[in-house]
Amino acid sequence: MGASKRRKFFLIDLYGTAVGKKYVMALTGVIGIGFVITHMIGNLKMFLGKDAGGVYAIDHYGEFLRELLVPILPRTVALWLLRLVLIGAILLHLHAAFSLTVLNRTARPVKYQSARDYQVASFASRTMRWTGIIVLLFLAWHLADFTAGWANPGFVRGEVYRNIDASLSRIPVAALYIVANIALGVHLFHGTWSLFQSIGWSNPRFNKWRRAMAMGVATVIVVGNVSFPVAVLAGIVKV
């Protein structure tokens, strides 16, 4: 008898199942929601204006992120580690979503929808794939705009407040940010709703607070993020 086949690491075995992929979707979804909320809260500092020393509060915040865990780690290393975690979460989220779609189509090649599906189905759930694509493309643009500066002619490295004004004072760019954040809100609404179902908390008794939580997360994110281009266009934020 030949040598027995080496057993895979149990997490890889788990990820090979539909249940494992749903857990990964839920976990990476939580990471994504946490990042979006934290990012929005940090950006709200642009409304605080300048401090007594004449430095914008959001510029202080940007410097704080670059100096995170210094001198334990070199400057910007902790920030890049956080970015790598986020990138890894996005890649896993995409792979799990694609794999689940393939598994579902293989298991049921003929589309089926029960009465319960019709009750739960919504615009958010039906457009989940497309809002995800919009958000992914927007993220690439956002990095080119505010991190690399390629898409922002007025970009000055380290001057967050100035970069926000230079970018969002352009009406097409401001419109892009508004539309993309509405798509993000729709995606987050269904993502937050289905997150609990993915980990097995799908009792109908919980549906009321699940919907309230999903609506709350989506609304806070959309209102907070859309306030940035609106404030720039209205002249509230201006260098």
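Remarks
- Test: residue in region 167-177 that is closer than 27 Å to Leu65 by Cα and either surrounded by fewer than 13 Cβ atoms within 10 Å (Cβ to Cβ) or aromatic (Phe, Trp, Tyr) (or both): yes
- Only one of the listed residues (Leu143, Leu184, Leu188) is at pLDDT 95 or above, within 17 Å of Val36 (Cβ to Cβ) and part of a helix (DSSP H, G or I). That residue is Leu184.
- Exactly one residue out of Ile12, Ile72, Ile87 is without any contact (Cβ under 8 Å) to a residue 12 or more places away in the chain, surrounded by fewer than 13 Cβ atoms within 10 Å (Cβ to Cβ) and either among the charged types (D, E, K, R) or under 24 Å from Trp130 (Cα atoms) (or both): that is Ile87.
- Unmet criterion (only one of (1) exposed (fewer than 14 other Cβ atoms within 10 Å of the Cβ); (2) touching a residue at least 60 places away in the same chain (Cβ under 8 Å)) for Val102: (2)
- Yes/no for Leu188 being out of contact with any His (no Cβ under 9 Å at 6 or more places or on another chain) and either touching a residue at least 24 places away in the same chain (Cβ under 8 Å) or more than 30 Å from Val102 (Cβ to Cβ) (or both): yes
- Any hit, region 205-226, residues being touching a helix residue (DSSP H, G or I) at 6+ places or on another chain (Cβ under 6 Å) and aromatic (Phe, Trp, Tyr): no
- Residues of region 198-235 that turn out to be closer than 26 Å to Ala180 by Cβ and surrounded by 12 or more Cβ atoms within 10 Å (Cβ to Cβ), as a count: 24
The values are calculated or read from the model by the stated rules, or taken from the named source; none is laboratory data. The structure displayed is predicted, hence computed values, not measured ones. Positions of Cβ are generated from backbone atoms using ideal geometry, with glycine treated the same way; all protein chains shown enter the neighbour counts.
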